[in-house]
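Each value in this text was obtained by applying a stated rule to the coordinates, not by laboratory testing. This is a predicted model, so every value here is computed, not measured. Positions of Cβ are generated from backbone atoms using ideal geometry, with glycine treated the same way; all protein chains shown enter the neighbour counts.
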């Protein structure tokens with residue numbers, strides 16, 4: 001066990017988490033790029049995340065691009081652009097998920113999926129059913145390995161806004177035991 005950690009996380013497990021996060025972030029990156037076409041920071045973070053997912057060592061590149069994408073999120077003028085840039089930052093920072101038993105770590109695993117759902121809701125004129133369907137789609141995309149990592153952490157904190165509500169819903173659905181197929 002690593003000093004200051006509550007459990008082990010292997011590089012392969014971190015790559016599983018990073019893949020899940022970056023796939024969601026990449027889907028909504030066009031929402032940022034259409035709003036802020038000359039800001040490469042979120043794209044750079046996604047590229048750094050993919051490098052890690054595909055076997056590169058986690059390096060300063062993931063940390064720097066994650067911070068820069070989060071700065072792009074703070075600079076964004078629309079909620080959609082802000083959520084998309086933050087998702088890109090989350091993708092790059094997933095390489096550094098902490099193996100500590102804190103509910104806040106769940107956001108590093110699921111916030112991009114929840115943000116993606118929220119973006120799609122907003123793009124559909126605020127249709128909450130769209131977000132609910134996206135949460136279900138994200139649940140289905142989660143691999144058993146991702147769910148295993150998620151279950152090492154306490155449940156996500158109580159929702160304070162719609163994105164957090166979507167994340168909490170996704171978290172609860174992923175933690176539910178799966179019934180074996182009927183024979």
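Highest-first packing order for the peptide set 147-154, 121-128 is 147-154, 121-128, based on the mean count of other beta carbon atoms within 10 Å. Placing a label point 7 Å from the Cα of residue 136 along the Cα-to-Cβ direction, the residues of the stretch 78-119 whose backbone N falls under 19 Å from that point are 113-119.
The tail of the calculated P(r) for the chain beyond 27 Å holds 23 percent of all Cα-Cα pairs. Comparing 168, 138, 101 in a Gaussian network model of the chain (Cα springs below 10 Å), the most mobile by mean-square fluctuation is 101. Here the label points at residue 38 and residue 57, each 7 Å from Cα along the C-beta direction, are separated by 3.7 nm in the simple model. Pairs of Cα atoms in the stretch 36-121 fall into 10 Å distance bins, from 0 up to the last occupied one, in shares of 20, 49, 28, 3 percent. Each label point was placed 7 Å from the Cα along the Cα-to-Cβ direction; for residue 64 and residue 173 their separation is 3.8 nm. How are the Cα pair distances of the stretch 73-112 distributed, in percent, across 10 Å bins from 0? P(r) for the stretch 73-112, in whole percents per bin: 31, 46, 20, 3. For the chain, modelled as a GNM whose springs connect Cα atoms under 10 angstrom apart, the maximal fluctuation among 81, 57, 113 occurs at 57.
Highest mobility in the GNM of the chain, judged by mean-square fluctuation with C-alpha springs under 10 Å and restricted to 156, 114, 84, is found for 156.
The Cα center of the stretch 40-93 and the Cα center of the stretch 155-171 differ in position by 21 Å. Taking only the Cα atoms of the stretch 5-53, the radius of gyration and Dmax are 13.3, 42 Å.
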